[in-house]
Amino acid sequence: MTAQQNLTRIVFTIVAAVVLSFLYVPVLTLIILSFNDSVGISLPWVGFTLRWYGEALANFGAFNAFVNSVKLGICVGIISTLIGLLTALAFRRAIAGKSLVLASLLIPLLIPGIVLAVAQAVLWNVAGWTMNLWTSTLIGHLIYTSPFAFLTIFPRVHRFDPNIEAAAMDLGALPLVAFWTIVLPQIAPGLVASFLFCFTLSFDEFVRTLFLIGSQNTLPIYLWSIILNNPSPQTSAIAILSMTFSLVMVATGSMLLRQRRLIGHSSITEAES
Amino acid sequence: MTAVPTKPTEQTDLELIGVHKRFGTKPVLTDINVAVRQGEFLAILGPSGSGKSTLLKIVAGFERQSTGIVTLRGADVSDLPPYRRNVNTVFQSYALFPHMSVFENVAYGLRRKGVKSTVLRTRVDEALELVNLSRFAERAPETLSGGEQQRVAIARALVNRPAVLLLDEPLSALDLKIRRRMQQELKRIHEDVGTTFLYVTHDQEEALVLADRIAVMRSGHCEQIGTGAEIYHHPATRFVADFIGETNWFSGVFDNGAGIIMRDGTRLRTRATQGVANNTRVAVGVRPERIRIATDRESCRPDENRISAMINKIVFQGSSLRIEGRTSWGDPIELMQQTDRDAAAEPGKSATLAWDVSAMLLFQVTDERSAS
């Protein structure tokens, strides 16, 4: 019995270790090599240095691409969250052609990114429009992220008891006031989650951006171009910095969400004592 | 059957005149005429699907009637949205604002009206005191029990001093013991504030305990409006008789001269003959507690019906006995008797059952309401 349990335990530990290393060894390798004082992203280990990070932070091209990515990510996050919110709100009512709207909203999830990106690039060419960050790229990203925004927000909106909103109007609140004071605070965590999710998707997006960016750069495009032309440990440093930024964003977001809940709880415990 | 509207007076707080509601082509409410007097506790009683909740939504302003008029204190409010009507609702699911304290929940309506903060505090405190929840003012709603949450919902509605308080099955989510206590609580609150209450329920006992008058609904029609006693003793339709209290039903043929003739030839005397045509099939109803066991020694009074029945079963229920049997014409019959009386019946033996002619309920059998 105990022997069998031990065996199970060992097997589980091995499987977990294999899965975890599968997930994280490549990233760890990259992190280690970004501190290597050698001209290529490769072994042997020459010595520890922070030089590549210094160069990465001083690299104007990288910084410019990073700023573009952040600005684009924020816009994509806000706009797709709005689209997701409005769609989710509309879906609370019985609307004509509901399933058709839902299908047309979610089908982009099933079409390979490269297909949609090429299709959009072709459209831009045919129409004779110039591709850049704030037109073609922004729209391409929105097509990609909006379904995720909807899928993040809809469950929260759906779970919200419509009687609570009705109660607000019953107590004299105009529909917009009822939404602002009652509905919004209830679904806010879903909106924050949607924003972070869409921001991260946009920040990391490569394939669509490649086809739709025109002459500008986002961070993934910049990284790709220097890897093609002039790979150095600075590339890994930029990659690590970008990854750290994404992680900090997500961590901050989830901490914000948790803190809101904690504030709610502490006021309850205060009242009880 | 159309209910006769109460004559509207200056004291009428809420009146529905000829209200119809259709969802698509499906009629949900048909010709509803109700006048609720000031300070009255009116229960809308009906099974699910009878349209009673739709009626409440129309009064609250969440649904618009297809035709007809809704007036509040004499003014037509048919086209006003919920936030412009001087009525407040207590929802079945409580519908408290989960991110606000109990105090802020109750204050919500006053804040929307821009009531000054000093006045607001006083009125919210008063409302919380009314429902005995002052000590919970700073708590979050989710930390309260179901009954307490329901009281918050009542305070949140009453603090606005509505012309009519609408209650949509407010106790149905509570368990039986708390429900009983909340009934008393509701009755006390109603007496304290004197506000007109419109109370929707499917629970006939609740309606009888709480309401001054009851409107019985059935598939979109108002079958009868009256006090609990009126509805219990003089039901306007067989549905009302069945819905409130228990009734023994027998079928027979009405004969103008001879009374009601049952299948085996037994004749029953009756007084209530209005609206019943000669030589038609009728349903005869008698409440179980109106039937008694007659001894052979006493002679039959002229205002009494006597039948013989086979007793099958006597169930001891504490203060009363439930006696089950079968009439001479084969229908099951049930009666209630006080335990302290000498039971002149034994299972397996025949007994003489008697009831007063005034206890008879008589309805003509039509196709849609055929005897079960």
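Side notes on the structure shown:
- Label point 7 Å beyond Cα of residue A:42 along Cβ direction - residues of region A:203-240 with amide nitrogen under 14 Å: A:231-233
- Charge-dipole axis of chain A as Lys and Arg at +1 and Asp and Glu at -1 on Cβ define it, positive-most pick from A:121, A:57, A:200: A:121
- On Cα atoms only, tilt of B:146-158 relative to the major axis of chain B in degrees: 70 degrees
- Integer Hz, Karplus 6.51/-1.76/1.60 couplings in order for region B:38-45, x for Gly and Pro: 4, x, 7, 10, 10, 9, 9, 10
- Helix axis angle, B:176-193 relative to chain B longest principal axis, alpha carbon, degrees: 60 degrees
- Between region A:27-43 and region B:13-49, the alpha-carbon center distance in angstrom: 78 Å
- Pairs of Cα atoms farther than 20 Å apart, region A:59-272, %: 66 percent
- Chain B - percent relative contact order, Cα under 8 Å, separation 6 or more: 15 percent
- Residue B:295 paired with residue A:227, simple spin-label distance in nm, labels 7 Å along Cα-to-beta-carbon: 10.7 nm
- With Cα atoms defining each centre, region A:73-122 and region B:234-294 are spaced 66 Å apart in the structure.
- Residues considered: A:70, A:101, A:18. Largest GNM mean-square fluctuation over chain A, using C-alpha springs under 10 Å, is found at A:18.
- Two-site FRET efficiency, residue A:161 against residue A:245, from Cβ-Cβ distance with R₀ of 22 Å, rounded to 0.05: 0.05
- FRET efficiency for the pair residue B:326 and residue B:180, taken as 1/(1 + (r/R0)^6) with r the Cβ-Cβ distance and R0 = 35 Å, rounds to 0.45.
- A simple rule links phi to the HN-Hα coupling: the Karplus curve 6.51 cos²θ - 1.76 cosθ + 1.60 with θ = phi - 60°, which for region A:177-187 gives 5, 4, 5, 5, 8, 10, 6, 4, x, 6, 9 Hz, with x for Gly and Pro.
- Per-residue average of Cβ from other chains inside 10 Å of B:80-87: 4
- Per-residue mean of C-beta atoms belonging to partner chains within 10 Å, peptide B:142-152: 1
- Highest-first arrangement of B:93-101, B:319-327, B:152-160, where packing means the average Cβ count within 10 Å: B:152-160, B:93-101, B:319-327
- For chain B, the fraction of C-alpha pairs more than 32 angstrom apart is 45%.
- Annotation: amide H-H contacts under 5 Å for residue B:196 (H modelled 1.01 Å from N, sequence separation of 5 or more, or interchain): B:39, B:165.
- Residues whose placed amide H lies under 5 Å from that of residue B:221, excluding near-sequence neighbours: B:30
- In order along region B:314-324, the phi-based Karplus estimate (6.51 cos²θ - 1.76 cosθ + 1.60, θ = phi - 60°) of 3J(HN,Hα) comes to 10, 10, 7, 10, x, 6, 9, 10, 9, 10, 10 Hz; Gly and Pro are listed as x.
- Taking amide H atoms as placed 1.01 Å from N in the peptide plane, the amide H of residue B:139 lies under 5 Å from those of B:102, B:103, each 5 or more residues away in sequence or on another chain.
- Net charge contributed by nearby residues that have their C-beta within less than 11 Å of residue B:149 (K/R +1, D/E -1): +1
- Look at the stretch A:170-182: the mean tally of other chain Cβ atoms within 10 Å of its residues' Cβ atoms is 6.
We did not get these values from a lab; they are worked out from the coordinates using the rules stated. As the structure is a computational prediction, the values presented were derived from the model and not from experiment. Don't worry about glycine lacking a Cβ; one is built from the backbone with ideal geometry, like all the others, and counts go over all protein chains shown.
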